[in-house]
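The values are calculated or read from the model by the stated rules, or taken from the named source; none is laboratory data. Source: prediction; values computed, not measured. So basically every Cβ, Gly included, is an ideal-geometry build from the backbone, and we count neighbours across all protein chains shown. Heavy atoms of the whole protein, side chains included, go into the accessibility calculation; ligands, DNA and RNA do not. Shrake-Rupley method; radii C 1.70, N 1.55, O 1.52, S 1.80 Å.
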Amino acid sequence: MSSQTGTDPAAAPSHGSAMELRFAKDTSLTEVMRLRVQSLQRSGQKRQDGERLLLPHEAVYRLDFSNQKLTFVHWSVSLIGHGRVTITGISQLWTPDLTHLMTRQLLEPVGTFWRNAGDPEDTPLKCLEADIQEFGERIAEMAKVRKVMYFLLAFKEGAEADKVSISMEFNQA
């Protein structure tokens, strides 16, 4: 079921029209990062100091900003079944075609949404409200200097990528 979290849209200042941005899987970048892991495993090498390798339950997603003057309103997250989805933002310092992802480029806080096993499917998703509010505001701030932003999405405890939909709503300035 769907969960809307973040600023109450009725209470958010309206500076323009609303815009919903959906997280899109970046299949090619996910594959490049998986190939990096396989290359290190085959050659017996270790990752660079501070390098963040993609884990098997993770994928790279992106948000494309057509407008860079945004105010965060709320998250819209739907999850079929139970599980946990963690969204980790990647700072504007990462240039995926030139450099490996480093742990220092990961943003905090992260956004985590979950439904426990045994909870009815119509139970709203749980989250840490303050963290996802701050995370949404940081994304809006980063949109001022980026046309695209990358994220690591981790699917755990039964969550699967094809059973999750995530978007964010912003007001446009």
Where does helix 27-43 land angle-wise versus the long Cα axis of the chain, in degrees 0 to 90, nearest 10?
30 degrees
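So how strong a dipole does the stretch 40-173 carry about its Cα centre when Lys and Arg Cβ are +1 and Asp and Glu Cβ are -1, to the nearest 20 debye?
Values: 16 positive and 18 negative charges, 112 e Å.
The calculation lands at about 540 debye.
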What does the charge count near Asp64 come to, summing +1 for each Lys or Arg and -1 for each Asp or Glu among other residues with Cβ under 11 Å from its Cβ?
+3
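Taking each pair of distinct Cα atoms in the stretch 28-100 once, what is the resulting Kirkwood hydrodynamic radius in Å? Before the final figure, lay out each step's value.
On the way: mean 1/r = 0.0653 Å⁻¹.
Averaging 1/r across every pair of different Cα atoms and inverting gives 15.3 Å.
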Rounded to the nearest 500 deg cm²/dmol, what is the calculated helix-only ellipticity per residue at 222 nm for the chain, with -39500 (n - 2.57) per DSSP H run of length n ≥ 4?
-6000 deg cm²/dmol
For Lys147, give me every one of the lysines with a C-alpha distance below 17 angstrom, ignoring sequence neighbours fewer than eight places off in its own chain.
Lys25, Lys69
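For the stretch 65-150, what does the accessible surface come to per residue with a 1.4 Å probe? Please give it in Å².
Working: 4170 Å² over 86 residues.
Spelled out: the 1.4 Å probe surface of the stretch 65-150, per residue, equals 48 Å².
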Whole-Hz ³J(HN,Hα) from phi, Karplus 6.51 cos²θ - 1.76 cosθ + 1.60, for the stretch 139-151, glycine and proline x
5, 4, 5, 5, 4, 5, 10, 10, 8, 9, 9, 9, 9
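Could you work out the relative contact order of the chain? I mean the mean sequence separation of Cα pairs under 8 Å and 6+ apart, divided by the number of residues, in percent. Kindly include the intermediate steps, with their values, before the conclusion.
Working: 357 pairs, mean separation 69.1, N = 173.
Computed over the chain, the figure is 40 percent.
Using a 1.4 Å probe over the heavy atoms of the protein chains, calculate the carbon and sulfur portion of the accessible area of the chain as a whole percent. Please report the intermediate quantities before stating the final value.
Numbers: 4600 of 9120 Å².
C and S fraction of accessible area: 50 percent.
Ratio of alpha-carbon Rg to the 2.2 N^0.38 Å globular estimate for the chain, to two decimals, please. Don't skip to the answer; put the middle values down first.
Details: Rg = 16.7 Å, N = 173, 2.2 N^0.38 = 15.6 Å.
With N residues counted in the chain, Rg over 2.2 N^0.38 Å equals 1.07.
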